[in-house]
Amino acid sequence: MSIKILLRMRPEESMYRKALIDLVKNARGNYVVLSSGYFQSNVVAMVNDLSNTIDYFLSASMKNKIILVGADFISCDGKTDCNHCEFYNFVQALENKYASQVIVYDVPNMTKLKKGRANPWHAKMAFKFDGNSPTATIIGSSNVTSSAVFDWGTNGFCKHECDLYISEHDISLSSSLEDPLSCISVILDDQNPYTEKQLLETAYQEIKEVIDEIK
C-alpha cells in the first residue's frame, strides 16, 4: 500500500490533478467515482492531460464506468458561473461521448437553513473500484474545479489544499517544483520496519513544521 499526502501551497502546480490522473490511469479497476462539492465543466471540456486520461479510460472498454456525485443546487441561479449549470455541463461533456458509461448522482438539497440557504453535497472524494473492491482513493479538500485541477502561473490563484491519496499500487508522484513538502510519501509494505502510526506521525510532523514556519 502507498500513501501520498499532497499539499498545494503554490499556484504553479496541482498535485491533485497528478493524483487524479494516476488513479484513473494506473490504479486497478473498471469503476471511477468522482465526488465533489463543485464541478467545473472546463476540467473535462478543455483538452488537457486529465480529460485525455478520462477519455482513454472510458474508450478502452465499455465495461469501464465513471460515476459522478455532486449537488444539483436545485436550479440555475442566472449567474455566469452557476454551480447547477457547471455540474450539468461537466456531465454533458462526458455523456456526449460516453453516455452509457456515465452514471450521475445529483444529491438534492434536502435541508434548509434558517435563512433559506440549503445544505448542498460537499464531499471531496475519488475512488477506483475493481468490481466491488476499492483499490485506490483520494480524500481531501480539492474540488473538481479549475482552481484546484489546473496549473497556474506564478501570478495565478489557487486555494491552499490538502489531499490524501491511498492506493494498493506504488504511487509514483513527484513535484516538478522540487518542493519536497508538496508531496509527502508514506509507503507501507512488509519490508518496512515502521508501523503505519509511526509513518503518519513522521508525515504529520513535517506538515506541522511548515505550518509553524508560516505562522
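None of the figures in this text is laboratory data; all of them are computed from the coordinates on show. On a predicted model such as this, the values are computed, not experimentally measured, just so you know. We place every Cβ from the backbone using ideal geometry, glycine too, and count neighbours over all the protein chains shown.
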DSSP-defined beta bridges in the chain - what % are antiparallel, rounded to 5:
70 percent
Scanning the chain, every Cys lacking a C-beta partner under 4.7 angstrom -> Cys76, Cys158, Cys162, Cys183
Would you tally the net charge around Gly156, using a Cβ to Cβ cut-off of less than 11 Å, leaving Gly156 out, and scoring K and R as +1, D and E as -1?
-2
Return one number: the angle in degrees, 0 to 90 and rounded to the nearest 10, between the long axis of the Cα atoms of helix 196-214 and the longest principal axis of the Cα atoms of the chain.
80 degrees
Pairs of Cα atoms under 8 Å, at least six residues apart: use those to get the relative contact order of the chain, whole percent.
35 percent
With both bridge residues required to lie in region 1-122, what share of the DSSP beta bridges run antiparallel, to the nearest 5%?
10 percent
